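The next block holds one structure in the form of C-alpha cells; read it before the comments.
The values are calculated or read from the model by the stated rules, or taken from the named source; none is laboratory data. Only a predicted model underlies this, so the values are computations on that prediction, with no experimental measurement involved. In this analysis, Cβ positions are derived from the backbone assuming ideal geometry, glycine residues included, and neighbour counts consider all displayed protein chains. With ligands, DNA and RNA removed, areas are computed over all heavy atoms of the protein, side chains included. Shrake-Rupley method; radii C 1.70, N 1.55, O 1.52, S 1.80 Å.
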Amino acid sequence: CKDYNFTIQLALLAAKRDFLHFERSIEKMIQAEGDPLFHALFKYIYANLIIPIENSNADLKKREEIVERSLLSEERLQIIVDKLIKFKDQNPDQVDFITHKKFEEIYMRLVKIFSNIQTEEHPNNELIEEKGNEYFQQLYKGQKSVED
C-alpha cells in the first residue's frame, strides 16, 4: 500500500490494540519501502506529536493527551528510531542526505520531549566515560600497568 500515512496509522492502531507485533512490522515496512517510508514517518511524527507538544506550552496533561491521540508511545518511538538507524546504517545507498538530516533533526526534537529516547549506537556514554576515567586513575596511581 503506497498510502503511507494510512499504513502508519493502521499499524500503530493495531499495535496499540495488540493485534500486531509493532517491532517486526515496522522493520519489514522500512525494509520494503526505504526512504519514502522514512519521510512518511517523519511527517506523521511531526504532525501528530512534535508540533502539537511543542505548541502545548509544556502542559503535562495536554502532552499526555497528544501522545495518546498520536498512537505513539515512548516505547514505539524508540522502536522506530532503532529500526530507522539500523536500516540507514545497513543500507546507506538507499537513504539520501536530506533524509539523514531530517532524521537528525527529528531525533533531537524527540530527545527534548522524551528524555529516555536514545540510540543503540551510544547506549550509555556516561558509563563508558566513567570506566575510562577509572582505568586512567588506576594507571596514573600505578595500580595498573599498560600491559594489564
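Observations on the model:
- Within the chain, longest stretch clear of exposed GluC sites (Glu not before Pro) (DSSP loop, no more than 10 other Cβ within 10 Å): 1-120
- Computed [θ] at 222 nm, deg cm²/dmol, the chain (DSSP H ≥ 4; -39,500 (n - 2.57); rounded to nearest 500): -21500 deg cm²/dmol
- For the range 4-141, size of Cβ-based charge dipole, Lys and Arg +1, Asp and Glu -1, in debye: 400 debye
- The Kirkwood hydrodynamic radius of the range 4-141, based on inverse pair distances between different Cα atoms, is 16.5 Å.
- For the chain, the longest principal axis of the alpha carbon atoms and the long axis of helix 60-70 meet at an angle near 60°.
- With both labels modelled 7 Å from their Cα along Cα-to-Cβ, the residue 13 to residue 73 distance reads 1.9 nm.
- With the highest mean first, a sort of the peptides 87-99, 106-118 on other beta-carbon atoms found within 10 angstrom per residue produces 106-118, 87-99.
- Degrees, to the nearest 10: 74-90 long Cα axis against longest axis of the chain: 70 degrees
- With Cα atoms, 0 to 90° folded angle of helix 125-140 axis to the chain main axis: 0 degrees
- Accessible carbon and sulfur surface of the chain relative to its total accessible area, %, 1.4 Å: 51 percent
- Over the chain, relative contact order from alpha-carbon pairs under 8 Å, at least 6 apart, %: 23 percent
- Over the range 4-141, accessible surface divided per residue gives 64 Å², non-protein components excluded, 1.4 Å probe.
- For the range 14-80, chymotrypsin sites (Phe, Trp or Tyr not before Pro) are listed when DSSP marks them as loop and at most 16 other Cβ atoms sit within 10 Å of their Cβ; the list is 19.
- Between residue 64 and residue 144, the distance separating the two model label sites (each 7 Å from Cα on the Cα→Cβ line) works out to 4.5 nm.
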